[in-house]
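Asker: First the structure, then my questions, so here it is.
None of the figures in this text is laboratory data; all of them are computed from the coordinates on show. All figures in this text were calculated on a predicted structure; none of them were measured in a lab. Because the Cβ atoms are built from the backbone with ideal geometry, glycine has one as well, and the counts that use them run over all protein chains shown.
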Amino acid sequence: MEEDNLKKDNLKIANIKLKSRLIVGTGKYKNFKETANAIKESGAEMVTVAVRRINILDKNKPILTDYIDPKKIIYLPNTAGCFTSEDALRTLRLAREMGGWKLVKLEVLGDKKTLYPNMIETVKSTKILVKEGFNVMVYCTDDPLLAKKLEDVGASAIMPLASPIGSGLGILNKVNISIIVKQSKVPVIVDAGLGTASDATIAMEMGCDGVLVNSAIANAKNPVLMARSFKNGVISGRDSFLAGRMKKNIFATASSPIDGLI
Amino acid sequence: MAKIQLNGKKITIKSKASIYQLLKKFKLNNKKVAIEHNGAIVPKSNYKKKYLKNNDKVEVVHFIGGG
């Protein structure tokens, strides 16, 4: 790839173009200031947000939009915490009414202990949302058949989990993620379970189009520094993927020429 | 007077108040919220036209930090 083309290496989801392939979650931080600093340092242009009841009695509390300007950073409304299709749809319809958001992240959970997605409800919800005009990025298991199914019903991006949400275990099934990357025509963004920057690098080297990270940054001792680390990890992984790695050999190949050896 | 449920809490408001007036009463910025009235989403353009009556349920939501 020529230098000019490298500069144009954008991530395109639905009709949105992003320079950064790192999407960051806004949960679990100590306070909004830390959230804002971490996002800034991560270079992310898109962040996930949750929809919740407003605290009527304590309106003087700071709110997310005071710290992260939705005009500068793209808000990706997420259905985190929804265990039924009905709740997820309700949440995203409200999110759309709030600010006209059409690009959303769907997450329908199936089990409280593993937070694994309920794929039957997820497929069902994706179909309905697509019909209603949403562009849906879909959190899913790393099953290639189900990932394909989501693409077939109109998902704008496939978001397979690396490992359970907040576990920090990294990519547990690289083979499946590779199959999903190879077969998908829409962006594949690894979501959930990354623990440290090298996990993101590995995902990007495998050809994933992006990664979504929350806990690994928010739960680090120094979240702002970890945000930068993830930024660099994603860039490194993407560059390695585009550069095309050398072949692996089981025997050594000398780096210096034999000719002229004294 | 009308008794309604706002975000799960019982409150009393003056009768025939609109959603717009309810937001104003609680000093809520209508640009940063979305509203559900008895289970149905109320478009922003209808806040002034939608009147509240006894036993209505209103949910006011906004964006918070999340993964």
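Asker: Which value in nm describes the separation of the simple spin-label points at A:E86 and B:A40, placed 7 Å from the Cα toward the beta carbon?
Answerer: Here the answer is 1.8 nm between the modelled labels.
Asker: Relative to the present Cα-Cα distance, how much length would full extension add between B:N55 and B:K14 at 0.36 nm per residue of separation? Could the numbers behind the result be given before it?
Answerer: Numbers: separation 41, 0.36 × 41 = 14.76 nm, distance 1.30 nm.
Extra length available between B:N55 and B:K14 comes to 13.5 nm.
Asker: Only Cα pairs within less than 10 Å get springs; with that Gaussian network setup on chain A, which residue of A:D239, A:D191, A:D209 has the largest fluctuation?
Answerer: Highest fluctuation of the listed residues: A:D239.
Asker: In whole Hz, with x marking every Gly and Pro, tabulate ³J(HN,Hα) for the range A:187-193 from phi via Karplus 6.51 cos²θ - 1.76 cosθ + 1.60, θ = phi - 60°.
Answerer: x, 10, 10, 6, 10, 6, x
Asker: Expected output is a single nm value to one decimal: the length gained when fully extending between A:I120 and A:D143, i.e. 0.36 nm times separation in residues minus the C-alpha distance. What is it? Present the calculation step by step, with values, prior to reporting the outcome.
Answerer: Details: separation 23, 0.36 × 23 = 8.28 nm, distance 1.26 nm.
Using 0.36 nm per residue and subtracting the Cα-Cα distance, I get 7.0 nm.
Asker: Cut-off 10 angstrom, C-alpha nodes, Gaussian network model of chain A. Which of A:G207, A:G237, A:G133 fluctuates the most?
Answerer: A:G133
Asker: Here's something else I'd like to know. Could you state the number of Å between the C-alpha centres of the range A:188-262 and chain B?
Answerer: 48 Å
Asker: Around A:T48, which amide H atoms from residues at least 5 apart in sequence, or from another chain, sit under 5 Å from its own amide H, with H modelled in the peptide plane?
Answerer: A:V24, A:G25, A:T26, A:L76
Asker: GNM on chain A, C-alpha springs below 10 Å: top fluctuator among A:K247, A:K17, A:K185?
Answerer: A:K247
Asker: For a Förster distance of 45 Å, can you work out the FRET efficiency between the beta-carbons of A:D239 and B:K3, rounded to the nearest 0.05? Spell out each step's value before the answer.
Answerer: Numbers: r = 62 Å, r/R0 = 1.37.
Computed FRET efficiency for A:D239 and B:K3 comes out at 0.15.
Asker: Turning to a different aspect of this structure: Please give the contour-minus-distance gain from A:K247 to A:N173: 0.36 nm per residue of separation, less the Cα-Cα distance, rounded to one decimal in nm. Before the final figure, lay out the partial values.
Answerer: Numbers: separation 74, 0.36 × 74 = 26.64 nm, distance 2.18 nm.
Net length gain for the segment: 24.5 nm.
Asker: How big is the antiparallel share of DSSP beta bridges in the protein assembly as shown, given as a percent to the nearest 5? Spell out each step's value before the answer.
Answerer: Numbers: 22 of 49 bridges.
Within the protein assembly as shown, antiparallel bridges account for around 45 percent of the total.
Asker: Using helices alone, I'd like the mean residue ellipticity at 222 nm for the protein assembly as shown: each DSSP H run of four-plus residues gives -39500 (n - 2.57), total over residue count, nearest 500.
Answerer: -9500 deg cm²/dmol
Asker: What distance in nm separates the simple spin-label points at A:K72 and A:K182, each placed 7 Å from Cα in the Cβ direction?
Answerer: 4.3 nm
Asker: Go through the range A:82-95 residue by residue and turn each phi into a ³J(HN,Hα) via Karplus (6.51, -1.76, 1.60, θ = phi - 60°); whole Hz please, and just put x for glycine and proline.
Answerer: 8, 10, 10, 4, 4, 5, 5, 5, 4, 4, 6, 5, 5, 4
Asker: Kindly provide the pair-distance distribution of chain A built from C-alpha pairs, with 10 Å bins from 0 and whole-percent values in order of increasing distance.
Answerer: Taking all Cα pairs of chain A, the binned fractions are 7, 30, 36, 18, 5, 3, 1, 0, 0 percent.
Asker: Using a Förster radius of 45 Å, what is the FRET efficiency between B:Q21 and A:D152 based on their Cβ-Cβ separation? Nearest 0.05, please.
Answerer: On the way: r = 47 Å, r/R0 = 1.05.
Step by step, r from the Cβ atoms, then E = 0.45.
Asker: While we're on this one: Between A:I16 and A:K30, what is the spin-label point distance in nm, taking each point 7 Å from the Cα along the Cα→C-beta axis?
Answerer: In this crude spin-label approximation the distance works out to 2.9 nm.
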